[in-house]
Amino acid sequence: MDSGKFPGSFAWGASTAAYQIEGGWDADGKGPNVWDTFTHQGGDRVLKNQTGDVACGSYTLWEEDLKCIKQLGLTHYRFSFSWSRLLPDGTTGFINQKGVDYYNKLIDSLLEMGVTPLVTLYHFDLPQAVEDQGGWLSEKTVDIFKQYAQFCYTTFGDRVKHWITINEPYYAARLSYESGIFAPGKKLKGIGGYRAAHNMIKAHAKAWHVYNTFFKDKQQGRVSIALDSDWAEPLDPNSLADKEATERYMFFRLHWFANPIFIDGDYPAIMKSIVSQKSKEEGLTSSRLPEFTEEEKAMIKGTADFFCLNYYTTRKVKPLDTTACEPHSNSDTGAEGITEPNWPISGVEWLAVVPWGLRRLLAHIKHSFGNPEIFITENGFAQADPPALQDVHRWGYYQETLMEVLKAIKLDGVNVKGYFAWSLLDNFEWNSGYSVRFGLFHVDFAQANLPRTPYYSANEYAKVVKGNELIYK
Ligand code: NOJ
C-alpha cells in the first residue's frame, strides 16, 4: 500500500494544551496553578528556568491560532481549559467570568469556521488551591474535579460535544507525584504515582457519570480520557523473560488505566499481584497499589464513549534487574524499554521514530478493548532548537505514521475515527521549556508579537487534510 483515502468524515485535527500555549498566567483574575508555582520557584526545574507566563500568548493571540487552524483546513481542534482560569481556586465557589468569556470566544469562533472543538478538562495544570488541599493524592480532589466537569458541561456543553477528562494520567500521576519532575514536584516513590492515578481514575469516572446522567440526553455529546502509550515488543522475540517483561511493560502503562475504564473496573491482575507481593516483602501491611471497592469498580467500568490515544514511540523490552532498587513503580514493572540503534531519533532523545509501532498498538487496542472507536489525540515529532522551517524529517515521520494509520484502518479493520497532530504550535514543552519544538507552526519566542510561521510539514499536512488522502512519495 503506498497511498490511499481515509474514511469519509475522518476527523483531522491538531492539539494544544492551556499551560503550554496561553500565557496570561495571572491575567484577568486567573488563579495560579501548580505549573505557575513550580516554574516560579526556579532551581532549574525547567531548562533555563523558563516558564509558561507568556508561552505562545494564545490568551491574547488566539485569533492568530485560528488563522493557523484555517490554513491547515482542520476539521477538529483539541485544546484544554485552564481550570484555574475558569475557577481560580478550583471550586465553583467563585467563577471567573473573564475566563468563561475567553473560552466562549474561542469555541464560538471555531464553530463559525466549521471546526469541531475537542476539549480536555485537565492537562497537567491543577489549580494551586486544589494542590494545597492534597491535590491528586487526596480523595477530596475526586469530587472537586467532578464539580469542575459539571460546571464545564453546563457552561459550554451546548456547543462542545467531545470531552476529554484527563490528559495522560500515566504521566500526570507518576511525574507529578512519584519522580517529582513535573509540578507540583512531589517525590513519593512507589506510592505517589499509584495514589494519584487511583484518584484520577475515580475523578474521570465520576465526571463521565455526571455527563451521562444529567447532560447526555440533552447535549448529545461524548466523554473520554486521553491515554498515552508506547508500543512494546520483546527485545529477543524468542526469550520468555523478554516476552513477560513486555507484557508487564504494557500492563503497567496502558492497561493500568484502560483495564479499569474499558474492561472491568479494576487494575490488571498481574499489576495487583506484583505490587501486593513486593509490598509484603517490604514489610507493609497493605499493598502500595490502592484497591477499588466493588461499588467503585462498578462505577468505573465502561466510562469512556470512545478511545483517545496519544502515541509517540516504541520500545524493545527486557527484564529490569530490580534487586538493589528501592520501591518504585519502575521496579514493580521490572521491565526496561530500549531503542534499537537503527531507529532514527527526533529532536528529543526519548522520541525514536517507529511509525509501525502505532499500527501494532492500534490492533492491540482493537483486540483488548472491544474494538472501540479510536481517536489518535496526539502524535508528533520534535525538532531541537534552532528548528528548520524546511522540516523534511518531521514530514517524513508524519507521512510514515499516517500510512500506518491507513493500514490499521484498511488492512486490520481498526476503527480509527480521527488523527490529531501534536502540536499546532511550538510551545512550552514542560521540563524542556522552549528548546523542543513540536509545532506545525514555528513560533518566534524572541519577538514580542510571537509570530507564527508554517513549517513545510504544515503545508504538507494541509494537503492531506484537504484531500482526505495520503499520497506517499
Ligand atoms: C504529551 C503531552 O500531552 C503534551 O503535553 C506534550 O507536550 C507532548 N506529549 C510531547 O511531549
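The values are calculated or read from the model by the stated rules, or taken from the named source; none is laboratory data. What you are looking at is a predicted structure, and each value in this text was computed from that prediction instead of being measured. Note that we place each Cβ from the backbone using ideal geometry, even for glycine, and neighbour counts take in every protein chain shown. Side chains are part of the model used for accessible areas, which takes the heavy atoms of the whole protein and leaves out ligands, DNA and RNA. Shrake-Rupley method; radii C 1.70, N 1.55, O 1.52, S 1.80 Å.
Taken over segment 118-150, the residue count meeting the criterion of being under 11 Å from GLY90 (Cα atoms) and among the aromatic types (Phe, Trp, Tyr) is 2. The residues in segment 406-426 that are closer than 23 Å to PRO344 by Cβ, open to solvent by less than 30 Å² (accessible area, probe 1.4 Å) and touching a residue at least 60 places away in the same chain (Cβ under 8 Å) can be counted, and the count is 7. Per this entry, VAL317 is not counted among residues that are open to solvent by less than 30 Å² (accessible area, probe 1.4 Å) and within 22 Å of the chain's Cα centre (by Cα).
Considering only residues in segment 328-342 that are in contact (Cβ under 8 Å) with a residue 24 or more places away in the chain and open to solvent by 20 Å² or more (accessible area, probe 1.4 Å), the one that is nearest to the chain's Cα centre (by Cα) turns out to be GLY337. Summed over segment 169-188, the residues that are within 15 Å of the ligand (Cβ to nearest atom), in a loop (DSSP other than H, G, I, E, B) and open to solvent by less than 20 Å² (accessible area, probe 1.4 Å) give a count of 2.
Out of curiosity, is ASP385 more than 12 Å from the ligand (Cβ to nearest atom) and of a type in the set (D, E, K, R)? Spelling it out, ASP385 is indeed more than 12 Å from the ligand (Cβ to nearest atom) and of a type in the set (D, E, K, R). In segment 393-456, counting only strands (runs of 3 or more DSSP E) that sit wholly within it, the ones holding 1 or more residues that are closer than 19 Å to TYR311 by Cα and under 22 Å from the mean Cα position of the chain (by Cα) span 416-422.
Only residues that are assigned to a loop (DSSP other than H, G, I, E, B), open to solvent by 10 Å² or more (accessible area, probe 1.4 Å) and either more than 16 Å from the ligand (Cβ to nearest atom) or not charged (D, E, K, R) (or both): list them for segment 144-168, please. Step through it out loud before you land on a result.
Taking segment 144-168 as the starting set, the residues that turn out to be assigned to a loop (DSSP other than H, G, I, E, B) are 157-161, 168.
Those left that are additionally open to solvent by 10 Å² or more (accessible area, probe 1.4 Å): 158-159, 161, 168.
Matches in segment 144-168: ASP158, ARG159, LYS161.
Of the helices (runs of 4 or more DSSP H) contained entirely in segment 1-117, those carrying at least 3 residues that are open to solvent by less than 60 Å² (accessible area, probe 1.4 Å), closer than 30 Å to ALA458 by Cα and in contact (Cβ under 8 Å) with a residue 12 or more places away in the chain fall at 18-21, 58-72, 97-112.
Each row is one residue, and each column tells you yes or no for (1) within 12 Å of the ligand (Cβ to nearest atom); (2) without any contact (Cβ under 8 Å) to a residue 24 or more places away in the chain; (3) not polar (S, T, N, Q).
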residue	(1), (2), (3)
TRP430	yes, no, yes
GLY439	yes, yes, yes
HIS442	no, no, yes
LEU450	no, no, yes
TYR455	no, no, yes
GLU460	no, no, yes
ASN468	no, no, no
TYR472	no, no, yes
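You will find that of ASN310, ASN330, the residue that is farther than 28 Å from GLU373 by Cβ and either within 16 Å of the ligand (Cβ to nearest atom) or not basic (Lys, Arg) (or both) is ASN330 and no other.
Within segment 124-142, the residues that satisfy the criterion of being within 15 Å of ALA196 (Cβ to Cβ) and either polar (S, T, N, Q) or touching a residue at least 60 places away in the same chain (Cβ under 8 Å) (or both) are PHE124, ASP125, LEU126, GLU131, GLN133, GLY135, TRP136, LEU137, SER138, GLU139, THR141, VAL142.
Table: residues versus (1) of a type in the set (Lys, Arg); (2) touching a Gly at 6+ places or on another chain (Cβ under 9 Å); (3) surrounded by 20 or more Cβ atoms within 10 Å (Cβ to Cβ).
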| position | (1), (2), (3) |
| --- | --- |
| LYS202 | yes, no, yes |
| ASN212 | no, no, no |
| GLY221 | no, yes, no |
| SER224 | no, no, yes |
| HIS255 | no, no, yes |
| TYR267 | no, no, yes |
| SER273 | no, no, no |
| GLU281 | no, no, no |
| SER287 | no, no, no |
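Of the residues examined, LEU361 is not one that is surrounded by 18 or more Cβ atoms within 10 Å (Cβ to Cβ), over 27 Å from ALA269 (Cβ atoms), within 16 Å of the ligand (Cβ to nearest atom) and in contact (Cβ under 8 Å) with a residue 12 or more places away in the chain. What do you reckon, is TRP356 more than 16 Å from the ligand (Cβ to nearest atom), within 21 Å of the chain's Cα centre (by Cα) and open to solvent by 20 Å² or more (accessible area, probe 1.4 Å)? So TRP356 passes the test.
Of all the residues in segment 360-385, those that are within 19 Å of the chain's Cα centre (by Cα) and charged (D, E, K, R) number 2. Cβ separations smaller than 6 Å between residues 6+ apart or across chains give the following pairs from segment 219-230 residues that are assigned to a strand (DSSP E or B) to residues that are crowded, with 24+ Cβ neighbours inside 10 Å and β-branched (Val, Ile, Thr): SER224/ILE164; ILE225/THR165; ILE225/ILE166; ALA226/ILE164; ALA226/THR377. When restricted to residues that are touching a helix residue (DSSP H, G or I) at 6+ places or on another chain (Cβ under 8 Å), of a type outside the set (A, V, I, L, M) and over 16 Å from LEU406 (Cα atoms), segment 352-375 contains 4.
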